[in-house]
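S.K.: Let me give you the structure first, and then I'll get to my questions.
The values are calculated or read from the model by the stated rules, or taken from the named source; none is laboratory data. All figures in this text were calculated on a predicted structure; none of them were measured in a lab. Ideal geometry is used to build each Cβ from the backbone, glycine not excepted, and the neighbour counts take in all protein chains shown.
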Amino acid sequence: MNINEHGASIRFENCQKTFADGTLALHSLDLSVHAGETLVLLGPSGCGKTTMLRLIAGLEFPDKGGRILFKDEDVTRQPIEKRNVGMVFQSYALFPNMTVAENVGYGLKVQKLKADVIKHQVAEMLDMMELGALAPRKIDQLSGGQRQRVALARAIITSPRVLLLDEPLSALDAILRDRLRAYINTLLRQLGITTIYVTHDQEEAMALGDRIVVMDHGRVSQIGTPREIYFSPQNDFVADFIGQINTFEGPVSNRRMTLPGGILHCAHLGDGHGKLYYRPKDIEITARAGSEFGGVVHQTQFIGDRNRIWLKGVNHDLVIVDSDGRSDFFIGQEVGLRLRPEQMIRLDRQGGAAA
Ligand code: ATP
């Protein structure tokens, strides 16, 4: 079922948000969301994600001079009920004394549609959400995942121009979260509603986003596709926030960086002070002591498919390496490291091709 092929595009123009107590939650923001795309807002607690959502919803208004447009329509001062947005938040906010079907049909009832039309549309929606069998149940008779699906169904049944999802999966356990994430992924692509999805979980962001906006202290740190953000981060903050990164930093001379753990070759760096970035899974670790470059195992953590190993003596900070789950290293062991140039992450400060 394709409810809404043409979700509205959204444009923030010079949107700043200062709260009454003087907190500057959002610095001047200029951002376009394409019609039908899923844009993920990602960032640490307090970076302004929810504030952006609330501005789109009409629950907050930008400071003077800022504008928000849905397609070509200026909605900056429009109240929430005029904007036609669907919302799902972390706490489901369902009506506990209504059935699943009544919850899902609520928005249509408010629109004063005829009872038989509502019944038909609700049945269709419940079917699509695989909730048909639960239609007569009360909300407290549902699991967390089922409740979240009801909340989604309730939000999208009115064909909103824009769908706002604020950490909708964070209250669920890991297995359910994974399953529902895949489900939402398929659903959003089918529906084509313009969706803004807030999370602080980078895996969720990459799995769901057509594009990701990484936020830092009320500013956009980078915007791009999941691959652009992962493989060509523009700064240390983004590189570290998405997938963790090791920064090797030291004096470079003759294309060699001198570190506590040995010499690192860095053909692309000039003489002076340099930085190299490697993700934990891209560093090869060997049990061989006495290699040209290496350190000592400080801590290990077995996580099933991988061993996460913290090393000291390599760099000024601890170095994190993710090796195969079957590898076995012990604290205090001397190890060698291999860093391949092709695995290196290069910061793309221009936002174009990686320099
Ligand atoms: P989280 O992931 O913790 O939900 P967030 O990225 O969604 O965080 P926001 O809720 O947008 O962050 O908050 C951004 C900043 O604005 C924070 O510093 C927060 O304390 C502040 N803030 C939010 N609402 C208000 C308010 N009503 N009055 C004053 N400051 C506020």
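S.K.: Conditions: (1) assigned to a helix (DSSP H, G or I); (2) more than 14 Å from Thr194 (Cβ to Cβ); (3) within 21 Å of the chain's Cα centre (by Cα). Glu81 meets all but one. Number of the miss?
M.R.: Among (1) assigned to a helix (DSSP H, G or I); (2) more than 14 Å from Thr194 (Cβ to Cβ); (3) within 21 Å of the chain's Cα centre (by Cα), the lone unmet condition for Glu81 is (3).
S.K.: To continue, here is another question. List the pairs whose first member sits in region 254-268 and is outside any strand (DSSP E or B), whose second member is of a type in the set (Asp, Glu), and whose Cβ atoms are under 8 Å apart, counting only residues at least 6 apart or on separate chains?
M.R.: Asn254/Asp271
S.K.: Among the residues of region 192-220, count how many are assigned to a strand (DSSP E or B) and of a type outside the set (A, V, I, L, M, F, W, C).
M.R.: Of region 192-220, the ones assigned to a strand (DSSP E or B) are 194-199, 211-216, 219-220.
If we keep only those that are of a type outside the set (A, V, I, L, M, F, W, C) as well, we get 194-195, 197, 199, 211, 216, 219.
The total comes to 7.
S.K.: OK, next. Take the residues of region 219-241 that are more than 23 Å from Ser9 (Cβ to Cβ) and within 16 Å of the ligand (Cβ to nearest atom): which is surrounded by the fewest Cβ atoms within 10 Å (Cβ to Cβ)? Walk me through how you get there before you give the answer.
M.R.: Keep residues of region 219-241 that are more than 23 Å from Ser9 (Cβ to Cβ), which gives 230-241.
After this cut, where a residue has to be within 16 Å of the ligand (Cβ to nearest atom) as well, the list is 237-238, 241.
Details: Phe237: 17, Val238: 24, Phe241: 24.
Filtering first and then ranking leaves Phe237.
S.K.: Cβ-Cβ below 7 Å, separation at least six or inter-chain, first residue in region 153-180 and hydroxyl-bearing (Ser, Thr, Tyr), second away from the ligand (no atom under 16 Å from the Cβ) and not in a loop (DSSP other than H, G, I, E, B): which pairs?
M.R.: That search, which allows pairs on different chains as well, returns Thr158/Gly86; Thr158/Gly107; Thr158/Leu108.
S.K.: Which one is nearest to the ligand (Cβ to nearest atom), of the residues in region 76-94 that are within 25 Å of Leu24 (Cβ to Cβ) and in contact with a Leu (Cβ under 7 Å, 6 or more places away or on another chain)?
M.R.: The residue in question is Met87.
S.K.: Also: Quick one: in region 156-182, which of the residues that are under 24 Å from Leu113 (Cα atoms) and out of contact with any helix residue (DSSP H, G or I) (no Cβ under 8 Å at 6 or more places or on another chain) is surrounded by the fewest Cβ atoms within 10 Å (Cβ to Cβ)?
M.R.: Per the stated criteria, the residue is Ser159.
S.K.: Within the bounds of region 148-166, is there any residue that is more than 16 Å from the ligand (Cβ to nearest atom), within 23 Å of Arg227 (Cβ to Cβ) and touching a strand residue (DSSP E or B) at 6+ places or on another chain (Cβ under 9 Å)? Walk me through how you get there before you give the answer.
M.R.: Here is the first cut: in region 148-166, the residues more than 16 Å from the ligand (Cβ to nearest atom) are 148-163.
This time we only want the ones that are within 23 Å of Arg227 (Cβ to Cβ), so: none.
Among the residues of region 148-166, not one is more than 16 Å from the ligand (Cβ to nearest atom), within 23 Å of Arg227 (Cβ to Cβ) and touching a strand residue (DSSP E or B) at 6+ places or on another chain (Cβ under 9 Å), which makes the answer no.
S.K.: Right, something else. Given the criterion assigned by the TED database to the domain that holds Leu165 and free of Cβ contacts under 8 Å to residues at least 40 places away in the same chain, identify the matching residue among Leu113, Leu94.
M.R.: Details: Leu94 fails: free of Cβ contacts under 8 Å to residues at least 40 places away in the same chain.
After ruling out the rest, the residue left standing is Leu113.
S.K.: Criterion first (crowded, with 16+ Cβ neighbours inside 10 Å, in the same structural domain as Asp166 (by the TED database) and under 21 Å from Leu188 (Cβ atoms)) does Val88 satisfy it?
M.R.: Values: crowded, with 16+ Cβ neighbours inside 10 Å: yes; in the same structural domain as Asp166 (by the TED database): yes; under 21 Å from Leu188 (Cβ atoms): yes.
Spelling it out, Val88 is indeed crowded, with 16+ Cβ neighbours inside 10 Å, in the same structural domain as Asp166 (by the TED database) and under 21 Å from Leu188 (Cβ atoms).
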